[in-house]
Each structure stands twice: as structure tokens, then as C-alpha cells.
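The values are calculated or read from the model by the stated rules, or taken from the named source; none is laboratory data. In this text, all values refer to a predicted model and were calculated from it rather than measured experimentally. Positions of Cβ are backbone-derived with ideal geometry, glycine not excepted, and every protein chain shown enters the neighbour counts.
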Amino acid sequence: MATVAAEQNESYRAFLREFPKTGPGTRAGAMLRHYWHPVCLSADLKDIPYAVRMLGEDLVAYRGIDGKVGLIGVQCAHRCASLEYAHIKANGLQCSYHGWTYDTRGRCVDMPLEPADSKLKSRVRQPWYPTEEWAGVVWCYMGPDKENPPPLHKIDILARADGEMILQRGDVRNYSYLNFLENFVDIGHSYVLHLLVQPPVPAELVPYCDQTVDLDFRRMVHKVVETDFGLKSVLVHNTADPNVKYVNTWSMALPSHFRFCGLTAGLPPDFTNDRREGGGMLRIIDDEHFEIFRYTLIRPGNFRGTIFPRVSDTARGLAEGLQGVTERKPHDNRKYAAWEGRPPLEDLVMQETQGVIPDRESEFLVSSDVGVAMLRRMWRKSMDDVAAGRRAKAHVLDNEGVFETDTFKGLVAPDQITIGPRNMPSSKDGRGLIRDRDGRLVFA
Amino acid sequence: MATVAAEQNESYRAFLREFPKTGPGTRAGAMLRHYWHPVCLSADLKDIPYAVRMLGEDLVAYRGIDGKVGLIGVQCAHRCASLEYAHIKANGLQCSYHGWTYDTRGRCVDMPLEPADSKLKSRVRQPWYPTEEWAGVVWCYMGPDKENPPPLHKIDILARADGEMILQRGDVRNYSYLNFLENFVDIGHSYVLHLLVQPPVPAELVPYCDQTVDLDFRRMVHKVVETDFGLKSVLVHNTADPNVKYVNTWSMALPSHFRFCGLTAGLPPDFTNDRREGGGMLRIIDDEHFEIFRYTLIRPGNFRGTIFPRVSDTARGLAEGLQGVTERKPHDNRKYAAWEGRPPLEDLVMQETQGVIPDRESEFLVSSDVGVAMLRRMWRKSMDDVAAGRRAKAHVLDNEGVFETDTFKGLVAPDQITIGPRNMPSSKDGRGLIRDRDGRLVFA
Amino acid sequence: MATVAAEQNESYRAFLREFPKTGPGTRAGAMLRHYWHPVCLSADLKDIPYAVRMLGEDLVAYRGIDGKVGLIGVQCAHRCASLEYAHIKANGLQCSYHGWTYDTRGRCVDMPLEPADSKLKSRVRQPWYPTEEWAGVVWCYMGPDKENPPPLHKIDILARADGEMILQRGDVRNYSYLNFLENFVDIGHSYVLHLLVQPPVPAELVPYCDQTVDLDFRRMVHKVVETDFGLKSVLVHNTADPNVKYVNTWSMALPSHFRFCGLTAGLPPDFTNDRREGGGMLRIIDDEHFEIFRYTLIRPGNFRGTIFPRVSDTARGLAEGLQGVTERKPHDNRKYAAWEGRPPLEDLVMQETQGVIPDRESEFLVSSDVGVAMLRRMWRKSMDDVAAGRRAKAHVLDNEGVFETDTFKGLVAPDQITIGPRNMPSSKDGRGLIRDRDGRLVFA
């Protein structure tokens, strides 16, 4: 692939304008509605309603007295007052203004100021969407045939039971969710942006780290592979030893999952916290806003041990705040001063400054933008499919409804490498080369 | 009346879109301009100009050296500088920029940088409106034939001299004034919204209160009566005694007066502060903003004593701030957390969440919305009348220019009740049933 | 000149709407682009980029490793990330996202993630503008033929070496730059607005001041003279002595220079700080924003000594903050309370309240608006010239590229006065009448 400039014709430009839209009347919004989306954490739903904007629609979630979760339009059908201030009653969510009460399917079940025999209730139907709770998250389906929604596509990592899962939400961004996803599938940026500041490897980790890993993007193998669930970026770096490669894979699953830091082979199990797997997903609020849900699965380990050590890698998010690891210069009056050295912040600065909705028609894509180009082709094809009445691209689910997004990071023998949509080199725990306490490579 | 759904045709929808407009070029704005409107308190006008937006027009009020009040366009006719920063001089309001000076009728009386014999002054006329001062309020008339405005329509309560009048302004809301007025004429909401939290009756008041008043809306008589000044809501509740009814009336007078808490019969005069009468009026700033002027007339009394006692009923407004009487839950992150139990705040939350201008075309009105429906019919007819060159609906004034908006709250013998536009059961002080110190009902 | 009302025809109204525009596609913006504009101070450019919006275009300035200043589009040609967060490298400004690097002429000189032999670089060109550094200021040219820009037009005062130059920037206003320039060329306003509060002359200065200067605008000579560089306002006031006139001149130079407080004759050199000359220029950010650069040239002197003494005349800007010299009244709740007595603040209040872009079509210009009318004619003619392919009005430069904007303030013998574009009465240091220590007038 040389450039995708050839795609810059008018039909592609029309797609680029449709691409970031999320609302109900749009081609991209229609496609997104074929998937389940995260709404909030199960723990967020207590004894008051929880207002939530999803794909440009203003909704309210609530947990009924029976424990079931409802998700209905936030604006009362009667006189538009907000159901965010409604009360949860035995028979549903009761608007505080005149008492109209809705069940989880949007049916009006009470109008307490109307005559008891009034039949008007049956003529009112509030917008509603089916929900599921799984893995501590409330999910919703906003697509066609909502009485019979497709099965929830469960991402593998949230189905795991072999570690402690940390699940966080609340990082809301004021720009298009696609700025985030395009950044994620564009793996090349890591070798510029995230190497602006190169932190030293702590002395006690030096024996376990292969510091000969070649970080020059021009000398590594870089492939983006389409999968059933979305796409996967694969990077194969050389080391000083021709029989040892360093492999890193990242997966993006529809509609908005991102998975990195998969199984690590390269450090002894007892000496690494890369028994830590991370990623997240986006709640798409509307064209110009999204919220990040992040998860980290932690399995026992007693040392810091990523290949690129960070000052604090407990924070995959922005727990440290909007401050990099560099010192602020007195003359640095930019919105994000001294921002370098904290990868999530580095990404934020790039994503945000691209514009709320970037002017993609003015871009100049090149060969290293292969991930971005593939994501757009995937979106475009699914948008066309949905517009033509076909179904959107679908995950392959196992008997439990789980789909695999295998990722891997670590040292590998060259003959173990087969670049393809599945198991490259493997998603089985620990497979690959690691170093023992004496620094020798062994296969695990 | 079953439903007003039949009115939901296209002509009604066109009305609904015109309804909340207030500007000079609109049908609704033209109708509103047939009435006098409150501008500010007399006490607000001291030795500097007072900028005020009225019905979408930016104006400035000032008290001249002669004590007379002027109300003219805020933007100087010369080069658009704001007369909010003008100086009050003997001959009028002098723009600080180049000294152009305007009298209270908008005539330019000085251009100090022009030759003394220049005739240009006579070609300049600033927008201006007639004003009156009455009852501590500055009023203006912005309608046709402003050289000969109609007489000021004086609301009865402000003409009273038998108590202490508390007059407050400053509560500015960022949504349509009609959200407020529709809430006021929709009396049914009180029996849901304002009963979300039911405060206990203090022990010392128990003997004087009839706690058998039946608050179920379905069992009371609810009428909305059109009057010369606007409309009146009447509610007749049953009590345990078939010979005793509890009556409550509320009046809305054109263009934006609201009157509640009228004479109370039900507690002995010496033991009640419902010798307190309240209400207010709106300064309509523009389509999306208004300011509440509130008044309370207090006559001597030594106990709290409303039928529905409140934690503090000295505050009809929001003097307590935006906090209800309930405790804030740690997970309540709504804009208005723990909002229940303070009626003005409860109303604010409903009014504000309906939207700056509610999407009335998506409403579903039912029989208990009879007040809202009548207010809209009144507005619609007056808008049609004014558009056809006829006058808007007018108050009946007495010799002093005062109109009556009689309201009543208290216990009544059934044969005293005649539901109609006037004196139901009476607006005379104290008429109705009260309880003596022994808790016995007597006619006063 | 009686009035300019005759100009208020449709073609003039079309001009008024074009007049405040600054963007690249506009007639007025095209005209402004024929001049050099201030970007920032030389001292602002250190080791990080400096984002700057100029005439509606978002740019970034940076000082390269070689010391040369680049000014290029802020949005990276690749994927729109902001170059405000780029890094300054030996070969240019390197985008932090994927490393694309631009030289000062906008050429892409590196794409580190592309194959080393890729020819794509040559197809990318970032917007760029030529810059010059002179007198502590970075200037740019954004007009046609930018490979061969016209010579920088250097304003005389910044070329001076006979005093201490104080240069400040940072006063950003949120309204059209023309509100400021029209205020400056409208000299009449000084005799109303800036005399709202008349400070007393300190006792020790009384012998040196001619307090008989007649401040009545109707009795002075007021001329506005077009010059090569722009225009000059001249005022000749009477004094009690028919052989002594007080002259004050103010110059406005294209595109946005303002010069006042020129040489003062009237106080002995050793007793005046009017050996202080001031003025400034505007960075035109876009139609609705500008930044003021102010300069003051100070030569030795040991007393305050302006004709209209101020509480503090060290502050030509708003160093004292947004507070006048009057006391704030408790009932003054205007945005700018107690604003009178500080001329820059007085001007700000008038300029800002005219509106972000004033509604010039509703104005009523009169004879004293001669400066405003001339500025508009100048703009209009230059806009027409540029639209017709001719060059804009140009400064006459000397061998050093400097143009003279002579201003003068002081007492003059009537036969010294010749009102014209140059040297009236003179720009030579000290020429005019001054008073000696005994208060006698002598020619210097």
C-alpha cells in the first residue's frame, strides 16, 4: 500500500462527512445501533434515575424495585419534564411532575390525576431500549427489532475470572469518539509520540528486559489484520538476537472496544505486573462527546515490568491528572503545558487538537496510516451494508456469547510467528519466550 | 373535557410555535405589548442608569433630575455605545461617548460636539416607552399608541394598605416565562410534585388543622374559570365532615401575575401567619429568560399556620437556596440534588427541565391539563384579536384603576360555595370557617 | 462637511458589512494582507511553539535552532493534530503525533514512519508566511507574492534610540479591531468621555501649565488630514493669550498603528515626563478579537507634566485593572462599575458596548465624526484598489525603511501653524513654546 490518496474522491469525501455522525437519522448512527453499547456500571444504578445521553439520544436508566434495569427517553411524554428527577416506584419510574409512570418497556402504567377508568394510558409509549447487565456493566441495544435484540457480544477480558478486574468510567472527552479509535488503530504514532520522553529502565529490572529491542519503525514488520470482531495491529521488532523477536499486538473490537497490553511473555511470571491486561470501551455520547470506560485485569506479580517502564503504570487512564512527566517551563502557557511523558495524556492532546470533528477532507494519508484506512473501510462497508438492509459486521461468539480479541506482547522465536486474524503467536497464557532469574531465554 | 388531542392539528401546532415568542415582530409579542409590564423596583433607580431587557428589546431606565423615569433604547443612536454608561443630567440622559443627550421621550436635546446652531438633533429619535411608578414598582407600556397609553391595570394586592408588603426581585430564570405560567395554572401538579415530601404538622398547630382534608385529586372538585383578568383555579376538597369543605383558589392575571395564598379561613386570626398573602409577577426578558418579582403581604399573627406546613414558609421564593428538605445522597450527582420538599425549587426543576422552550408539539395533554389548555386558548384568542387590530383581553378596573384577583384558602360550608369568576366563596377578609382555641369550627 | 448621511446608500451599506471582516476570502481581509502585521514579541519565541491566530488564520510561530522565525499553519497537513505541541528540531518543527517535520517555508522535510526513500514529502506543503524581526517584534506578511514580500514599513518611534522603549502586549479584546481604531481617529470624544472626571493639576506644576487652554470643542480648530501612512487628527485650542495656541496631533498609520503623546512643547525639558511618547499597534486576531501592543519611549525627566494630569500616567494601558478613579457606588452592578477617570478604560467601555461588530447601518454620523468618515473612505478605497488588482495605500519609507508619523502636543505661536500632512508645526524635538522656571513663554 503506497497511499490512499486515490480514495480521496467525492464519494469518499461524502463518506468522511457521514463517518463521525452518531444520531438516529444517520448512516453511521444506523450502523452503530446494530451493536450493544455500554451505558453505565451496574453499581451506578441505585435508588435514583441516571440520565445518560447515548448516540445523540437523551435517555434515563433506572433500576426498578424488582432489580431490572430500564432505559427510556428522559423527556416525559406528558409535558416534557425530565425523568432524571422521577421517582422509582414498584410499578415503574414515576414522573415527579404529574405522576405518569413508565415500565421498563416505556409503557405508561399510571396517570394518577386522570379518572381511574381513563384509557389514555394505553395511547402513550415512551421511547425505550432493551438492556442487559453483564460483567458489572449495563449494556443497551438501540437497533432494529428491539423486541428481539441480538445476543450481547461479550468481550473476552470481561469474562475472565483469573484475576482482579478494575473497571472505571468517568473520563468524558469533548470531541468525536473516532479521534480516539483512529488513534488506537494507528499504531505507528507510538514510536513518535510516546517516545518523546524515554524513561530509564529501573536497575532491578534490567536483567529481565531486552534492551536491544529495535524501536525504529522502518525496521519492524507492521501489519493490520481484519478480524471478525474488528481489526488487530501486529508489530514484530528485531532484537540483537536474530532468533528472538519482540511482538506486540493491539485489538479494536466493534463498536468501540480497545484492547492492549495482552499476555506478556518476556518476564518471569513472578517478576512482572504484565500479568496485567488492559483496555476499555467507549460510551458514544453523541457526535462530539464520549466517555471512556477502562478495565485492567491484574493477576499476582511482585515487580513492575513493562517493556517500556513508566513512572506509574497503575494508571492507564489519567489518574495522575493532566500533567506529563516533564517540568513545566515558565513560558509554557499552552492549555496542556508540560504534557509529554504520560501516554494517555499524549494521546488526549493529539486527539483533542485534531478538532472536535477533524477536517478529514484536508488530511494526507500515507502508508503508515494503514490502520486508520482499514478502520474507515470497515465502517464504510458496514454503513453501506446496513443502509442496504443487511446486517453489520458481526463478532464470532462462543457458547457463552464471548468473542476473543487475543492480544500478545513479548519475546517470540521467529518460527512461532504467523501473522493472521487469530492466535498470533498465541493467546494462551504465557506462551512465548521469557527470561529466567539468570536472564536466560526459555520457552514458557 | 376528555383530552385536547383534537386541538393538535396543524393550526394549533403553528400557534404552539408562536406562543413562546416575545419580540416586537411576533404575534405573541404584539399581544403582550397591550399590557403594562414591571421593569424594576422604584428603589432600583438611583443616580446611574439601569439597563433592562424587556420582551427582547434592550432598554435603559433612569430617574431624571426631576424625578421622572425614562425608559429608552440602550444603544445610542449616534454610534451604538451603551447608554447604561451614560450620565444623568438636568436635561436628560447624556451618552458618555460624545455627549448626545436624550429626554424621557427619546428626543435628542444636545449634541455638544456639533455647532451650536446645528439642526441635526431634531432628526434623531431614540426608541422610548412610557412609564408609571406605582406601589414601589416601575411599569412600562410598549404597545401601540404609546403617546396615549391605556391606564395601568393595578393588581389588588399591591393596592392594599392593611399590612406590611415585602417586594423582592432578582430571581432570574433561563427558560421561557410560559414554563412558569403554565406550571402555575396547572394546579393538579401540586398533588404529585409538592407532596413528594410531606412535612409533619407541628404539635402546637394540630388542634387548628383539619388533617382529614382529602388530598386525592380524583376525589376533589377541580375547576378552571375564565375571568376578566385571566383565569382562576378552584379546588374543593372533602374533609371527614360532609359539612366542611377545604377550598383553595389560585389566580393568574394578564400578562404575568400569579396570586396564591389568599385569605385563609381555618385558623384563628391571632394564631396564623396566613394573614400572609403572596404571589408575584414576571418581568419577561425575552423568549428564553424572565425575572420573578415576588410579593408577600403580612398582617399580624403569632404562629405558623398554613394547611400544609413547611419547614420555613417565610420563603415563598428560593431564599434558602437550591436545596430541598431531603438529605443529599452521596451518589446523587444531578444538577439539582436532594431537591424535594421545597415547592419553589420543585417547580423550578420541572419548569427548567421541560426545556428552555419546551417541545410542546410532542406533548400529550389530558383532562387534568385543563388550566394549561385554557391559558393557551386565552393567549391564542388574544393573539388573534391583536393581529386583527382588536384589543387584547382586558381587566375590569375600579375607580382607582385596581382589578380584583380574589383568592381564598380555607374551610367552607358547602352552601357557601359557588364556583364562578368572582367571590367564591368570598374575598372578604376572614369569611369562611375557622377553628377557635378549642378546635371548634365557627363562621367568621 | 455637514453630515455623511448622503453616503448611507446601499453601496455604502454593503461596504459597512464588508468593512470589519478580516479573513482570507474577504475584500477587507485582502486589503489588510498588503501590510506587515505584528505577531508577537521576539522574546516570546523560546524553545516551544507559539500558537497565534492572525486575520482569522490559525498559525504557529517558532524560532528554529538556527534562530530564524517560522510562521506556518497550526494544523498538521497529515492528520490535523496541532503543531502548537510540536517539537523544535534541527531541521524544522516536528509534529509530535507522527513526526512530520516542516521548515520555515512550510516544506515537509521528514516523515519518519514512511520508508526512507518515500517521495511523498515533496507533495506536502504547509501554509507558511514570511516573517521579519525588528525592534523586538516579530512581523509577518500574509499578502500576495509572499516569496518576494514588500519591505517592512517601520514606524518611526520603534526606530528611535534616544530613550528607553517599553513594549508590552497581552491586552486582548473581544470585539472588532475597528471599534478601537475608529475610537482613536475620532478625536472629539476626548472632550466628552475623557473629561467626565477632571483631575486637578498638582500645585508644583501649576506654574508650567497654561490653565487657560479652552477645552470647548466648538471653539477649537479640528482638522483630519490624510497622509501617506494613514491620517492625522489636528486640534488647535485657544488660550487666554491670542498669540499662544495649544496644538495636539494624533496619527493613525496603516494597518493598525496609533500614535499619540508626541513631542511636547510647553514644559521645560527638565521638568516634564512628556519626554514620554506613546502609542501602539493591534494584532488583528479575527473579526471579533484583537490584541493591543503598546509602546512608550521614555527620555529623562523628573516631573509629571501632561497638560491633562492623571492619577498615574505611567499606565497608558490598563495596568491598574478595570477600575476608574471614582469610588464604586453600592448600587452600581454594571459590568464596569466606577469606570470613569481612566482613559483607556473609558475607551474600552465605549468600544466594547458598541457591540462585537457594531450595527454601523443604524448609526447617525455627524460633522464631528470626520475622522471616522475619513478612515472608512481610506479603507473603502484601498479595498476597491486591492480588489481591482492595484496595490493598497502605501507608506513613504526612508532609506532605513522607516516612515514618519509626526505628532506634536504643546503651545505654539499662531504663525508656526500650518495644518497639513507633514510637520505641523514640526516634529523636531522641542520646537514650539515652552515656559521657563519663571513661567515665561520662550521658543525652544
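Just to verify a result, which residue in region A:116-149, among those that are under 19 Å from residue B:218 (Cβ atoms) and among the hydroxyl-bearing types (Ser, Thr, Tyr), is surrounded by the most Cβ atoms within 10 Å (Cβ to Cβ)?
Across region A:116-149, the extreme among qualifying residues is A:118.
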In region B:374-395, residues that are part of a loop (DSSP other than H, G, I, E, B) and under 13 Å from residue B:35 (Cα atoms) total 5
Reported set for region C:24-55 where residues are surrounded by 18 or more Cβ atoms within 10 Å (Cβ to Cβ) and in a loop (DSSP other than H, G, I, E, B) is C:26, C:33, C:34, C:35, C:45, C:48, C:49, C:55
Reported set for region C:75-85 where residues are part of a loop (DSSP other than H, G, I, E, B), at negative phi and within 7 Å of chain A (Cβ to nearest Cβ) is C:77, C:78, C:79, C:81
Q: Report whether or not residue B:88 is β-branched (Val, Ile, Thr) and within 10 Å of another protein chain (Cβ to nearest Cβ).
A: no
Residue set C:88, C:72; condition part of a strand (DSSP E or B), buried (at least 22 other Cβ atoms within 10 Å of the Cβ) and in contact with a Gly (Cβ under 7 Å, 6 or more places away or on another chain); output residue C:72
Review point. Does residue C:58 satisfy the criteria of being under 27 Å from residue C:255 (Cβ atoms), assigned to a strand (DSSP E or B), without any contact (Cβ under 8 Å) to a residue 40 or more places away in the chain and charged (D, E, K, R)?
Key: yes
Picked from region C:273-282 (must be touching a Lys or Arg at 6+ places or on another chain (Cβ under 8 Å) and surrounded by fewer than 23 Cβ atoms within 10 Å (Cβ to Cβ)), the residue modelled with the lowest pLDDT is C:273
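Here is a yes/no grid of residues against (1) among the small types (Gly, Ala, Ser); (2) part of a loop (DSSP other than H, G, I, E, B):
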site	(1), (2)
B:165	no, no
B:168	no, no
B:171	no, no
B:175	no, yes
B:178	no, no
B:182	no, no
B:190	yes, no
B:194	no, no
B:200	no, yes
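Would region C:388-407 turn up any residue that is within 20 Å of residue C:237 (Cβ to Cβ), away from chain B (no Cβ under 14 Å) and surrounded by fewer than 22 Cβ atoms within 10 Å (Cβ to Cβ)?
Within region C:388-407, one or more residues are within 20 Å of residue C:237 (Cβ to Cβ), away from chain B (no Cβ under 14 Å) and surrounded by fewer than 22 Cβ atoms within 10 Å (Cβ to Cβ).
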Kindly evaluate residue B:148 against the criterion of being more than 14 Å from chain C (Cβ to nearest Cβ) and in contact with a helix residue (DSSP H, G or I) (Cβ under 9 Å, 6 or more places away or on another chain). no
Among residues of region C:365-377 being touching a strand residue (DSSP E or B) at 6+ places or on another chain (Cβ under 8 Å) and small (Gly, Ala, Ser), the residue farthest from the other protein chains (Cβ to nearest Cβ) is C:371
Residue A:42 passes all but one of the listed conditions (1) closer than 30 Å to residue A:393 by Cβ; (2) of a type in the set (S, T, N, Q); (3) away from every other protein chain (no Cβ under 14 Å); the exception is number (3)
The condition of being buried (at least 21 other Cβ atoms within 10 Å of the Cβ) and β-branched (Val, Ile, Thr) holds, among C:172, C:185, C:213, only for C:185
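Among the residues of region A:235-261, what is the count of those that are among the aliphatic types (A, V, I, L, M), assigned to a strand (DSSP E or B) and within 12 Å of the chain's Cα centre (by Cα)? Quick ask: steps written out before the conclusion?
Here is the first cut: in region A:235-261, the ones among the aliphatic types (A, V, I, L, M) are A:235-236, A:240, A:244, A:247, A:252-254.
Next cut, assigned to a strand (DSSP E or B) only: A:235-236, A:247, A:252-253.
Then drop every residue that is not within 12 Å of the chain's Cα centre (by Cα), which leaves A:252-253.
Within region A:235-261, residues that are among the aliphatic types (A, V, I, L, M), assigned to a strand (DSSP E or B) and within 12 Å of the chain's Cα centre (by Cα) number 2.
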Taking region A:331-364 and the residues there that are touching a residue at least 60 places away in the same chain (Cβ under 8 Å), part of a loop (DSSP other than H, G, I, E, B) and more than 7 Å from chain C (Cβ to nearest Cβ), the one that is surrounded by the fewest Cβ atoms within 10 Å (Cβ to Cβ) would be A:356
Item to complete: For region C:94-112, state whether one or more residues are within 30 Å of residue C:255 (Cβ to Cβ), among the aromatic types (Phe, Trp, Tyr), part of a loop (DSSP other than H, G, I, E, B) and touching a residue at least 24 places away in the same chain (Cβ under 8 Å).
Response: no
In region C:92-132, anything away from chain A (no Cβ under 14 Å) and touching a Leu at 6+ places or on another chain (Cβ under 9 Å) is listed as C:103, C:104, C:128, C:129, C:130, C:131, C:132
Checked A:197, A:224, A:206 against criteria (β-branched (Val, Ile, Thr), within 27 Å of residue A:435 (Cα to Cα) and within 14 Å of another protein chain (Cβ to nearest Cβ)); the one match is A:197
Contact list, first residue from region B:238-249 and free of Cβ contacts under 8 Å to residues at least 40 places away in the same chain, second anywhere and surrounded by 13 or more Cβ atoms within 10 Å (Cβ to Cβ), beta-carbon distance below 6 Å, six or more apart or interchain, is B:238/B:214
